[in-house]
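First comes the structure, then the notes that go with it.
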Amino acid sequence: MFPEERTRTTDTEDKYVIRANQWIMRYFTHSGANELDVHFINYVVDMTRNKSFANWRLVKASLIHYLDINGKSGLAKSLSDIDGSHTDKKCLIKRTSAKKKKSVSEVEADKISKYLFALVKSGSPGKNDKLTLAMFNATLSVGLRPQEWCTCELIDSPIDGVDAEPPILKVKNAKATNGRSFSEYRYIGLSKLDKYQMSFIKLTIMLLSENADITAKKSSVAQASRRLSAVYTRFFPKAKEKISMYSGRHQLIANLKKAGYSKVEIASIVGHGNDLTAGTHYARKAAGYTFANLPKPDKAAIKKIKVIESKFDIKTINQRKHQKNQ
């Protein structure tokens with residue numbers, strides 16, 4: 001018997017099922033599979049190599065419990081035979097992403113923007129201050145991945161096959177080549193953005209267009225990202241998690257959730273291939289703040305987005321909650 005198979009409360013088992021569901025949905029998202037087999041076990045092992053042994057025990061217990069109660073005892077047995085020696089027992093988390101904030105508060109955004117604006121207005125800003133200011137605020141408005149700013153295009157007229165009101169931001173999806181986006185390009189409606197947001201978007205595109213070489217553009221984006229982190233540290237030196245340019249993308253998604261956008265609408269705006277990714281990997285609705293000037297999705301693209309989360313069977317959780325309440 002696996003050590004974690006001891007007497008548990010119903011609440012603990014409910015948490016196990018929720019955690020297991022998250023792992024299974026991630027697997028379906030990344031693999032394109034819709035059934036659980038030995039490849040799922042291999043996926044779990046691969047994804048826990050840089051995690052702590054304690055984390056592995058919790059993941060293992062959750063998945064074994066889920067598999068057992070859903071008639072997958074063979075897979076549960078295979079999982080129970082894995083001792084966790086593949087993990088980094090001393091490591092809490094090695095990934096640098098764990099040190100990056102998945103939100104940007106209004107206070108943080110205000111301090112950073114005012115500081116950079118003052119430098120730019122002084123007439124003698126640092127090499128990357130103008131691009132950092134523009135790209136940081138533009139990302140908070142439309143949620144592009146940092147490198148996507150290198151190839152995006154602002155279009156002021158309607159586009160055939162695109163159901164979004166101009167002006168429209170045409171973005172080459174950075175994740176399209178590995179199947180994690182719904183198409184090569186996405187289109188974001190900017191009609192609801194105010195003049196300040198638009199000025200930051202235009203300035204970002206203009207500054208990056210000054211150099212035709214894509215490698216040089218990517219280098220500028222990377223330098224602006226480092227400058228942003230340095231400015232954040234200036235104001236919040238004791239913060240364990242640091243803001244990156246990617247934090248603006250997380251915050252935009254949180255704001256969209258707060259505003260009531262559907263999962264497929266969010267996927268359309270940020271370039272996800274399914275309706276699950278934003279809910280699993282990005283900032284929560286609670287981190288969002290009320291903001292009227294939000295981008296609009298390309299309604300024509302919504303049908304291209306794979307619906308996973310709304311189809312996933314959470315009957316087990318509901319059944320256990322019903323039993324708990326009886």
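The values are calculated or read from the model by the stated rules, or taken from the named source; none is laboratory data. Bear in mind the structure is a predicted one, so any value in this text is a computation, not a measurement. Don't worry about glycine lacking a Cβ; one is built from the backbone with ideal geometry, like all the others, and counts go over all protein chains shown.
Looking only at residues in segment 30-59 that are in contact with a strand residue (DSSP E or B) (Cβ under 9 Å, 6 or more places away or on another chain) and either of a type in the set (Asp, Glu) or part of a helix (DSSP H, G or I) (or both), the one that is farthest from Asp14 (Cα to Cα) is Asn55. Scanning segment 177-209 for residues that are outside any loop (DSSP other than H, G, I, E, B) and touching a Lys or Arg at 6+ places or on another chain (Cβ under 9 Å) turns up Tyr185, Arg186, Tyr187, Ile188, Gly189, Leu203, Leu207, Leu208, Ser209.
Within segment 141-155, identify whether any single residue is surrounded by fewer than 12 Cβ atoms within 10 Å (Cβ to Cβ) and in contact (Cβ under 8 Å) with a residue 40 or more places away in the chain, and answer yes or no. No, the conditions are met nowhere in segment 141-155. Going by the structure shown, is Tyr246 within 19 Å of Lys127 (Cα to Cα), assigned by TED's automatic domain parsing to the domain that holds Ala134 and in contact with a strand residue (DSSP E or B) (Cβ under 7 Å, 6 or more places away or on another chain)? So Tyr246 does not fit the description; no.
The requirement of being out of contact with any strand residue (DSSP E or B) (no Cβ under 9 Å at 6 or more places or on another chain), not charged (D, E, K, R) and not in a helix (DSSP H, G or I) is satisfied by Ala212. Determine whether Ser62 is part of a helix (DSSP H, G or I), within 30 Å of Ile253 (Cα to Cα) and at pLDDT below 90. No, not satisfied. Within segment 97-139, the set of residues being part of a helix (DSSP H, G or I), of a type in the set (Gly, Ala, Ser) and surrounded by fewer than 16 Cβ atoms within 10 Å (Cβ to Cβ) comprises Ser97, Ala98, Ala118. State whether the residues of segment 230-244 include one that is polar (S, T, N, Q), more than 25 Å from Gly189 (Cβ to Cβ) and either part of a helix (DSSP H, G or I) or out of contact with any Gly (no Cβ under 8 Å at 6 or more places or on another chain) (or both). Among the residues of segment 230-244, at least one is polar (S, T, N, Q), more than 25 Å from Gly189 (Cβ to Cβ) and either part of a helix (DSSP H, G or I) or out of contact with any Gly (no Cβ under 8 Å at 6 or more places or on another chain) (or both), which makes the answer yes.
Residues in segment 36-70 that are surrounded by fewer than 19 Cβ atoms within 10 Å (Cβ to Cβ), β-branched (Val, Ile, Thr) and more than 25 Å from the chain's Cα centre (by Cα): Val38, Ile69. When the residues of segment 140-175 are narrowed to those that are assigned to a loop (DSSP other than H, G, I, E, B) and hydrophobic (A, V, I, L, M, F, W, C), which ends up farthest from His250 (Cα to Cα)? This residue is Ile159.
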